[in-house]
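What follows is a short report on a single structure.
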Amino acid sequence: MKQKDIAINGDSAVALAWKQINPDVCAAYPITPQTIIVEKFAEYVADGEVTTEFICVESEHSALTLCTTSSSTGARTVTATASQGLAYMWEMLPIASSMRVPLVMAVANRALSGPIDIHNDHGDVMSARDCGWLSLFSENVQEAYDMMIIATRIAEHHDVQLPILVNLDGFILTHAVERITPLDENDVKKFVGEFKPLYPLLDVKKPVSHNLMDGPMFYYPHKYQTVIGMKNALKVTKDVFKEFEKISGRKYSVIEEYKCDDAECIAIILGSAFGTMKEAVDQLRREGKKVGVAMPRLFRPWPIEDLAKLMKGKKTVIVMDKHLSVGAYGPMFPEIVTAALENDTMPKMYNYVYGLGGVDTMVSDFADVFREVKSGKAKRINYFGVKE
Amino acid sequence: MMVNMADHNSMIVGDRVIEPGNSEKFQTGDWRSQVPVLDKEKCIDCLTCWIFCPDDSILTKDGKIAGLKLSHCKGCGICAKVCPKDAITMKGD
Ligand code: SF4
Ligand code: SF4
């Protein structure tokens with residue numbers, strides 16, 4: 001059914017998606033810029049618009065512990081956090097993935113303290129990168145809403161069974177009001193279907209134990225099972241994107257490309273800045289420069305082959321990172337280089353670390369990045385905008 | 001060649017055990033470095049050791065001590081410590 005467009009901010013759009021999914025359990029602790037998600041969803045609960053068990057907890061650590069356990073009992077579970085909240089959850093992140101619970105978490109991406117800063121960068125999610133969670137990025141509010149619905153299906157697929165992060169840029173998306181076309185609630189319910197957990201903890205007819213002591217004999221094999229689940233998630237994601245297109249008319253790819261086909265130089269970037277960089281590409285195209293930009297919508301599993309295909313034959317690749325592994329590179333840079341190794345020839349590759357702590361990066365700034373690389377003045381790693 | 005790793009293909013995904021009560025198969029007696037030895041002559045069948053043993057390794061029959069079942073005995077020595085008659089001694093295993 002065709003739905004009317006609405007004006008909504010990113011956080012409220014996430015809450016709307018949850019309302020339409022009607023999960024069994026939600027536990028979350030408020031933290032800027034995620035707070036509106038939880039406030040808005042609490043309203044739906046209080047107004048009886050959902051049947052979700054909404055549990056107030058005293059910290060993010062408790063929130064994720066509760067959500068992991070609730071998901072393992074067979075309850076469809078959602079939560080949300082940002083920055084220090086995600087950091088405080090850290091201990092439970094790899095436990096949730098090793099328990100193979102398909103819970104869904106929205107991350108309103110915000111710089112990690114310290115220094116303390118509430119604005120957007122990807123320090124939170126990048127620091128949680130190696131914990132075995134699937135990870136999706138969104139460029140705008142519509143995508144944040146859509147990814148939330150899509151994420152449920154990917155995570156719960158029996159070939160995957162992994163928790164999933166849905167990233168939306170703090171303030172830029174969480175608080176900005178944009179026009180979106182939501183889906184019909186029945187279509188969402190039909191799309192996500194019923195959660196069918198494997199070996200849930202509360203099945204009294206088939207008693208099971210979860211999260212047992214492993215030791216060296218089982219630890220690595222269990223990790224390897226997670227590797228397989230992640231690998232399967234690539235195909236599952238592509239399939240779910242296709243199915244989602246049928247009900248929404250919106251087409252998503254694991255790598256979103258903009259004018260990359262004939263480009264000699266492409267940039268790779270995550271999140272809302274993808275949109276800004278598209279404008280920069282348009283500007284440079286008008287000047288006759290063959291440039292393009294791409295966003296790995298799916299960050300975990302890392303779509304190596306799709307990235308290699310994207311970079312094949314390109315002269316130059318610029319990796320835009322909104323986080324810094326201090327003493328090394330931006331976190332995405334070595335991952336892109338690794339993907340490029342799949343091809344016979346390597347492009348010239350540069351890393352730009354930009355926008356840390358929420359520094360506004362505008363269309364003209366991104367155009368400058370392309371120009372600086374073209375002029376040969378770019379270094380391997382560039383701390384964009386910082387006076388070196 | 002590494003031999004002590006399980007085959008992930010034969011494992012349930014997600015660190016789960018779906019067979020109830022199977023911890024009995026885990027022979028914790030393998031960990032033992034000391035073994036309790038019972039002297040039936042000194043024993044007065046007070047059953048203190050039976051109450052205290054954390055691994056259910058003291059066997060009883062008709063309210064009397066019937067021996068030790070060492071498959072799960074970790075050699076903790078509690079039985080020897082609590083015995084009022086020093087009827088149990090710990091020996092190297
Ligand atoms: S040594 Fe410990 S485990 Fe073994 S029989 Fe005595 S009390 Fe039980
Ligand atoms: S505690 Fe000593 S005396 Fe009492 S039952 Fe055990 S072995 Fe016998």
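The values are calculated or read from the model by the stated rules, or taken from the named source; none is laboratory data. Since the model is a prediction, treat every value here as computed from it, not as a measurement. A quick note on method: Cβ atoms are made from the backbone with ideal geometry, for glycine too, and the neighbour counts reach across all protein chains shown. Heavy atoms of the whole protein, side chains included, go into the accessibility calculation; ligands, DNA and RNA do not. Shrake-Rupley method; radii C 1.70, N 1.55, O 1.52, S 1.80 Å.
General remarks:
- Pairs, first of a type in the set (Gly, Ala, Ser) and in a loop (DSSP other than H, G, I, E, B) in the stretch B:34-57, second open to solvent by less than 100 Å² (accessible area, probe 1.4 Å) and more than 9 Å from ligand 1 (Cβ to nearest atom), C-beta under 8 Å, six or more apart: B:Ser57/B:Ser71
- Those residues of the stretch B:42-64 which are within 10 Å of ligand 2 (Cβ to nearest atom) and of a type in the set (D, E, K, R), in sequence order: B:Lys42, B:Asp45, B:Lys64
- Identity of the residue in the stretch A:32-63, touching a Gly at 6+ places or on another chain (Cβ under 9 Å) and not hydroxyl-bearing (Ser, Thr, Tyr), that ends up farthest from A:Leu202 (Cα to Cα): A:Pro33
- Which listed residue is more than 14 Å from every other protein chain (Cβ to nearest Cβ) and without any contact (Cβ under 8 Å) to a residue 60 or more places away in the chain, from A:Glu256, A:Glu243, A:Glu264: A:Glu264
- Scanning the stretch A:93-109 for residues that are under 15 Å from A:Thr65 (Cβ atoms) and away from every other protein chain (no Cβ under 14 Å) yields A:Leu93, A:Met105.
- Scanning the stretch A:317-338 for residues that are open to solvent by less than 20 Å² (accessible area, probe 1.4 Å) and over 19 Å from the mean Cα position of the chain (by Cα) yields A:Val317, A:Ile318.
- Contacts under 7 angstrom Cβ, first residue in the stretch A:202-223 being more than 18 Å from A:Thr68 (Cα to Cα), partner surrounded by 16 or more Cβ atoms within 10 Å (Cβ to Cβ) and at pLDDT below 90, 6 or more apart: A:Asp214/B:Asp15
- Scanning the stretch A:210-231 for residues that are surrounded by fewer than 17 Cβ atoms within 10 Å (Cβ to Cβ) and more than 7 Å from every other protein chain (Cβ to nearest Cβ) yields a total of 7.
- Any hit, the stretch A:198-206, residues being within 14 Å of chain B (Cβ to nearest Cβ) and either touching a strand residue (DSSP E or B) at 6+ places or on another chain (Cβ under 8 Å) or polar (S, T, N, Q) (or both): yes
Residue-wise test of (1) under 11 Å from the mean Cα position of the chain (by Cα); (2) away from chain A (no Cβ under 14 Å); (3) within 11 Å of ligand 1 (Cβ to nearest atom); (4) loosely packed, with under 11 Cβ neighbours inside 10 Å.
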{"site": "B:Gly21", "(1), (2), (3), (4)": "no, no, no, yes"}
{"site": "B:Thr28", "(1), (2), (3), (4)": "yes, no, yes, no"}
{"site": "B:Pro36", "(1), (2), (3), (4)": "yes, yes, yes, no"}
{"site": "B:Asp39", "(1), (2), (3), (4)": "no, yes, no, no"}
{"site": "B:Leu47", "(1), (2), (3), (4)": "no, yes, no, no"}
{"site": "B:Ile58", "(1), (2), (3), (4)": "yes, yes, yes, no"}
{"site": "B:His72", "(1), (2), (3), (4)": "yes, yes, yes, no"}
{"site": "B:Ile88", "(1), (2), (3), (4)": "no, yes, yes, no"}
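- Meets criteria (open to solvent by less than 30 Å² (accessible area, probe 1.4 Å), under 18 Å from the mean Cα position of the chain (by Cα) and more than 14 Å from every other protein chain (Cβ to nearest Cβ)) for A:Gly275: yes
- Test for B:Asn4: is it open to solvent by 60 Å² or more (accessible area, probe 1.4 Å), part of a helix (DSSP H, G or I) and either farther than 17 Å from B:Lys64 by Cα or within 14 Å of chain A (Cβ to nearest Cβ) (or both): no
- Residue count for the stretch B:65-88 under the criterion of being in a strand (DSSP E or B) and either within 8 Å of ligand 2 (Cβ to nearest atom) or closer than 10 Å to B:Val35 by Cβ (or both): the result is 3.
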